[in-house]
Amino acid sequence: MTTSEKFNDKRSLLYRCYQQQPAALTAEIDPSQLGLHDFSVKLRYGFRGPQAHAVLSAAQITVPSAANSLCTTPSGELVLRLSNSEYWLLHPKASGQQTLLESQSTEQCYSLFCQDSHAWLVLTGPNIARIMAKLCAVDLREIVFPHGAIAQTSVARVNAVIAHHCFGESAVFSILSDSASASYLWDAIQDAMQEFKD
Amino acid sequence: MNNLPRLKEPMGSLIERDQPVTFTFEGQSIMGLAGDSIASALLANNQWLISRSFKYHRPRGPLTMAGQDANTLVQLGGEPNVLADNQVIGAQMQVSGQNYSGSLESDRDALLGHFSRFMPVGFYYRSFFKPMGAWEKWEGFIRKKAGLGVLDLEAKPEYYDKEYLFYDLMVVGAGPAGLSAALKAADAGAQVLLVEEQRLLGGALSYHRFDIQGQQATSTLSSLVDKVQAQQNIKVMLSATCNAWFTDNYLPVIQAKRLFKVRVKECIVASGAFEQHVVFRNNDLPGIMMCSAASRLMKHYAVKPGQRAVVLTGNDTGYLTALDLTEQGVQVEAVVDMRESSVVSELQAAMSDAGIEVLLGSTVYEALATKGNKHVSAVDVRKISAPGEVASQARVIDCDLVCMSAGFMPAYQLLCQAGGQLSYSDDTAQFALSNLPAHLHLAGSVNGVHQLAQVIKDGQRAAALALHNLSLSDEVIEAVTCQSNHNYHWPIFSHPKGKDFVDFDEDLQAADIVNATRLGYRDIQLVKRFSTVGMGPSQGRHSALPTARLVAKATKRTVTQTGITTARPPFVPEKLALSAGRSFNPVRFTSMHHRHIALGAQMIAAGNWRRPAYYGSVEQREQTIQSEALQVRNKVGLIDVSTLGGIEVRGPDAAQFINRIYTFAFLKQPVGKTRYAVLTSEQGVVIDDGVACRIGENHFYVTATTTGVDQVYRQMLKWNAQWRLNIDIANVTSAFSAVNLAGPDARKVLQKLDSDVDLSIEAFPYLAYREARIEGIPARLLRVGFVGELGYEIHVPASCGEALWDLLMAAGQEFDIKPFGVESQRLLRLEKGHVIVGQDTDSMSHPGELSLNWAVSRKKPFFVGSRSVDIVMAQTQTRKLVGFTLDASIEQPKEGHLVISGGDVAGNVTSCEYSSSVGKCIGLAFAAIGDSQPGSSISIRVDSGALVEASVVSLPFFDPDNQRQEL
């Protein structure tokens, strides 16, 4: 019988998409180069509710001052504020050890299920805004969508959260989208990237 | 083909003289030069006949050399209706003419032209509908003759896509006005998109002669282009067409195989003006073209357009064209100026110096043709005696080229799409555009400004307006005035023998337009629809103005009163592939999807999900479904139910909320229990169902149907926006993967796995809810019985779904576990009489019709739709969903088949399958209330048209005491 340890490293719904592209999920990605990376197994939490802000503050987590913006903690975690009372914490360096049932809600601060409900893709390289312009109607040029900005919109007709942030020295887009549509979206973005690969 | 020598440089700005390109036209090899259009390469080979006209199959050659007319539509391989004057040649291209019977040179259908008087405007409306049945006889013939080009039905789709672009300012047209506007805006800091339909910057500067010396255009073009190319804030798109204007400057731009959806804050339309033709007999012969077309041929392609030319003009442009022609070795026999006077002395002197005769107050009344109307051979020139009338005395001038310019019509299409109003001065024959929306500006000749210096200034003026709106400048530039008048007031000279074409696309002659008005079509829009004028590929660029003039005269009104036909998108014909583009059709896969594929599942769509229908070959479909169902009844089966909707409701008011949303009572639902949940609309109609699990005092997990969950979620959000209950609602459908492990051996399979839940019937009874870890995977377990067997719905984080599937399949091996698909599940639940909302219900189905009264609480004061449910259920019911059986030997009804009662439609079949467990065909159907009792029979009309009699029976069909699910 398979032991439970095997499932500590949960599977991304996307893992088959990059079987032919082994570089996609390596830890040493170069964010200055064109690439689409699957961070779906990386740890993330979501909280929503009237007390969410207080709970995070009590945990010494600084949150953005306005909705649809993000900030980065000293340890490199991303804190996304998606509404006045909804926050997502993304850990680019940590794999998900916690499951949705383990991130328990507290009174008036309800855990969300973004670890499993959403895939986490990271689009890197110099043409990320142009690539997204083939998939999304929102103007994501840096001049109007600077670092720290978040857009909750439709990408290739799938709901998505797009977060503009730095990864090392480079600006990247984190795209959080319906996990069940993740392989579809992966293909759609790869297709949009194609003309920039040559 | 006779490849003629090209003109010397600087002629030929678009061609590469040292790069020959060979293609075929009508099967013959043609050699052009890289950069040539099909049309320019053909003319360079003295091939003037390019295609045939739509109605009379008249020979046609280039008219504008700018893709503005339908004369040069050709077949390019499998693609019809390619503009030969726009399409750049490529090696091995196979080009042919269109719309001929026999050969392009010898078209049998050209005889139609001789019968044109029997085919007046609108003749087909009036000729083929009587006597009764005549149309059926004519239709095949007319359809065969109609249409241009040949579609390649074997064509494979090519890759087209779309992209959004965002700029501060878009400038449409890169002529002198557009270039200067773009430069001024960019210099002030605006991000500018400059869109040009042609392949090079400059617009008229690239081909038109603006002064007698011929220096002004070259130096201005060089200066402006150098600056634009050096300006980092300008993005130039060449060979790109802005094909429409939509509200708030939403501008579709087509370039190659991509549709750009451009969003800009400000837009300047500097689209220029279309040169207009003169209406005279045989004005469509090859060799007769616009002055600008001749100039383009020489300047862009270094092609000498003829040997002996006559220039027919109503403005100074013709004189400048004559100078260009002369400089390139064309013998200009005469400049025929329709104006009586007003020619500036410098031009007169230039004509004199060049030895060109000028005939003032004259026109070409008729063009004479070579044999077969293949080319112009001479023109009949007469003095103009009155507007549209000529003297009887004729002078015939031999020529092989006629260049004409009756004036210029603003390229108003985008602006009128934006709501702009086009007005016409009957005194000056000039147009003006007004009433433009905010943030849309115009500049240059489209604004009625033609003199080069003024055009450039007008571009800067428009840029200043845009910059002001962008808060980048406060500069104000005064309106630019232009004294130049380019339009001759009546360039229409009808001929008693006709062929004086107003609309080249549709072969419409002057008399056709006049006759339309005599038939009562006085309104310009009605004339358009009756005559089809302006409805061809060129969309009235050349026909709109003469049509308006003719209608005005015929109805004794002014052009201002008649107006111009409406311009609608698209500006140029647009391939459907561009609109379709790269389509986005999201699909959702469960975490177990690849396991299903590996097991040979036939996948079907369920909303945007993909689900296994059954596991096996298509040929074995029926047997497979029966086998899978029996497997569940007799042993154990596993189905992926991840697509079920999942909604979390948490908070102090969670129970209150669920109690208000669903029909059943939930306030006292114990923690650890599940309860069937029916959702009705405000109209009392059942719109979804699911299971509500009470996880905690303030925590519910509710399932919903695969395709209904989004609606349920929206409804919940909407209602709580009003109720303001203290809860949080989260759609967690994608967060969970789920399976239903069902069958008599289900418990044994689950017990094989390491888990921390007591699976005994006492500890985990039917309808209970438990949380557990199964081999370390956190799971929610529901004991529910949709298929009517001992079963466990196991919901786990989506990232663990595939692992759970593997575990259960491995654990079930010794029990001969088999996966089963949606089709088998549908059969199994039908055996239990369980309805599927959406399949067994319709937009009128209330709980009473579905025998769901037991799921409606009458004790609570309110639930969504309760008032309506009370009302509709209190009314006399007319139908009811019943179960029926049929002997398997009888033709099986299908879903949708009608239930007939007393000759009327009483209802329809909603589900029907053969059940191996029951040994009969079983089904659900809406039946008349009088036929709804068990023991009754209902008549169902099946595919063959026969009425089959089915027995109404009690539900469920199988395991009537529901003992199996409670094992």
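What the table below lists for this structure:
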quantity	calculated
So B:LEU550, is it in contact (Cβ under 8 Å) with a residue 12 or more places away in the chain, in a helix (DSSP H, G or I) and more than 14 Å from chain A (Cβ to nearest Cβ)	yes
Selection status of B:ALA217, in contact with a His (Cβ under 8 Å, 6 or more places away or on another chain), more than 14 Å from chain A (Cβ to nearest Cβ) and not in a loop (DSSP other than H, G, I, E, B)	yes
Options B:LEU43, B:LEU33, B:LEU14; residue that is in contact (Cβ under 8 Å) with a residue 12 or more places away in the chain, more than 23 Å from B:LYS575 (Cβ to Cβ) and in a strand (DSSP E or B)	B:LEU33
Residue tally, condition part of a loop (DSSP other than H, G, I, E, B) and not hydrophobic (A, V, I, L, M, F, W, C), over the stretch B:164-194	4
Test: residue in the stretch B:74-91 that is outside any strand (DSSP E or B), within 29 Å of B:HIS277 (Cα to Cα) and either out of contact with any strand residue (DSSP E or B) (no Cβ under 7 Å at 6 or more places or on another chain) or aromatic (Phe, Trp, Tyr) (or both)	no
Which listed residue is within 24 Å of B:ALA294 (Cα to Cα), within 33 Å of the chain's Cα centre (by Cα) and not hydroxyl-bearing (Ser, Thr, Tyr), from B:PHE408, B:PHE431	B:PHE408
Residue count, the stretch B:108-145 (criterion: closer than 19 Å to B:SER53 by Cβ, modelled with pLDDT of 75 or more and not in a helix (DSSP H, G or I))	1
The stretch B:872-884, residues that are among the hydrophobic types (A, V, I, L, M, F, W, C) and modelled with pLDDT of 95 or more	B:LEU881, B:VAL882, B:PHE884
Residue within the stretch B:403-416 that is touching an Asp or Glu at 6+ places or on another chain (Cβ under 7 Å) and closer than 30 Å to B:GLU196 by Cα present	yes
Subset of the stretch B:152-171 that is of a type in the set (A, V, I, L, M, F, W, C) and within 21 Å of the chain's Cα centre (by Cα) - its residue that is farthest from the other protein chains (Cβ to nearest Cβ)	B:LEU153
Search result, residues across the stretch B:335-364 that are assigned to a strand (DSSP E or B) and surrounded by 22 or more Cβ atoms within 10 Å (Cβ to Cβ)	B:VAL335, B:VAL336, B:ASP337, B:SER362, B:THR363, B:VAL364
Residue check, A:SER174 in contact with a helix residue (DSSP H, G or I) (Cβ under 7 Å, 6 or more places away or on another chain) and either among the hydrophobic types (A, V, I, L, M, F, W, C) or touching a residue at least 24 places away in the same chain (Cβ under 8 Å) (or both)	no
In the stretch B:46-60, residue surrounded by the fewest Cβ atoms within 10 Å (Cβ to Cβ) [restricted to those that are without any contact (Cβ under 8 Å) to a residue 60 or more places away in the chain and not in a loop (DSSP other than H, G, I, E, B)]	B:ARG52
Criterion violated by B:CYS693 - all others in (1) away from chain A (no Cβ under 14 Å); (2) buried (at least 21 other Cβ atoms within 10 Å of the Cβ); (3) over 39 Å from the mean Cα position of the chain (by Cα) satisfied	(1)
Residue within the stretch B:690-705 that is of a type in the set (Phe, Trp, Tyr) and farther than 24 Å from A:SER117 by Cα present	no
Lone qualifier among B:GLY287, B:GLY318, B:GLY314 - being under 12 Å from B:LEU43 (Cα atoms) and in contact with a strand residue (DSSP E or B) (Cβ under 7 Å, 6 or more places away or on another chain)	B:GLY287
Selection status of B:LEU472, in contact with a helix residue (DSSP H, G or I) (Cβ under 7 Å, 6 or more places away or on another chain) and among the aliphatic types (A, V, I, L, M)	no
Matching option when the condition is among the aliphatic types (A, V, I, L, M) and assigned to a helix (DSSP H, G or I), among B:VAL712, B:VAL691	B:VAL712
Criterion (touching a Phe, Trp or Tyr at 6+ places or on another chain (Cβ under 7 Å) and outside any helix (DSSP H, G or I)) met by exactly one of B:LEU414, B:LEU422	B:LEU422
Residues being within 12 Å of another protein chain (Cβ to nearest Cβ), touching a Leu at 6+ places or on another chain (Cβ under 9 Å) and farther than 16 Å from B:ALA735 by Cα - total across the stretch B:699-717	0
Residues (surrounded by 22 or more Cβ atoms within 10 Å (Cβ to Cβ), within 22 Å of B:GLU628 (Cβ to Cβ) and within 14 Å of another protein chain (Cβ to nearest Cβ)) located in the stretch B:745-794	B:VAL749, B:LEU750, B:ILE794
Filter result for the condition that a residue is surrounded by 14 or more Cβ atoms within 10 Å (Cβ to Cβ) and in contact with a strand residue (DSSP E or B) (Cβ under 9 Å, 6 or more places away or on another chain), over B:ALA188, B:ALA174	B:ALA174
Selection within the stretch B:189-224 - farther than 28 Å from B:SER471 by Cα and of a type in the set (Val, Ile, Thr)	B:ILE212, B:THR218, B:THR220
Residue count for the stretch B:846-897, restricted to those that are more than 18 Å from B:SER951 (Cβ to Cβ), aliphatic (A, V, I, L, M) and in contact (Cβ under 8 Å) with a residue 12 or more places away in the chain	9
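One line per residue, one yes/no per condition, for (1) charged (D, E, K, R); (2) surrounded by fewer than 24 Cβ atoms within 10 Å (Cβ to Cβ):
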site: B:GLN255; (1), (2): no, yes
site: B:ARG258; (1), (2): yes, yes
site: B:LYS265; (1), (2): yes, yes
site: B:ILE268; (1), (2): no, no
site: B:VAL278; (1), (2): no, no
site: B:ILE288; (1), (2): no, no
site: B:CYS291; (1), (2): no, no
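Okay, residues lined up against (1) in a strand (DSSP E or B); (2) surrounded by fewer than 17 Cβ atoms within 10 Å (Cβ to Cβ); (3) away from every other protein chain (no Cβ under 11 Å):
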position: B:ASN585; (1), (2), (3): no, yes, no
position: B:SER591; (1), (2), (3): no, no, no
position: B:TYR614; (1), (2), (3): yes, no, yes
position: B:THR624; (1), (2), (3): no, no, yes
position: B:GLU628; (1), (2), (3): no, no, yes
position: B:VAL632; (1), (2), (3): no, no, yes
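Here is a yes/no grid of residues against (1) within 22 Å of B:HIS114 (Cβ to Cβ); (2) at pLDDT 95 or above; (3) surrounded by 24 or more Cβ atoms within 10 Å (Cβ to Cβ); (4) of a type outside the set (D, E, K, R):
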position	(1), (2), (3), (4)
B:GLN454	no, yes, no, yes
B:ALA464	no, yes, no, yes
B:GLU478	no, no, no, no
B:SER484	no, no, no, yes
B:GLU506	yes, no, no, no
B:GLY520	no, no, no, yes
B:ASP523	no, no, no, no
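The values are calculated or read from the model by the stated rules, or taken from the named source; none is laboratory data. This is a predicted model, so every value here is computed, not measured. Here the Cβ is made from the backbone with ideal geometry for all residues, glycine too, and neighbour counts use every protein chain on show.
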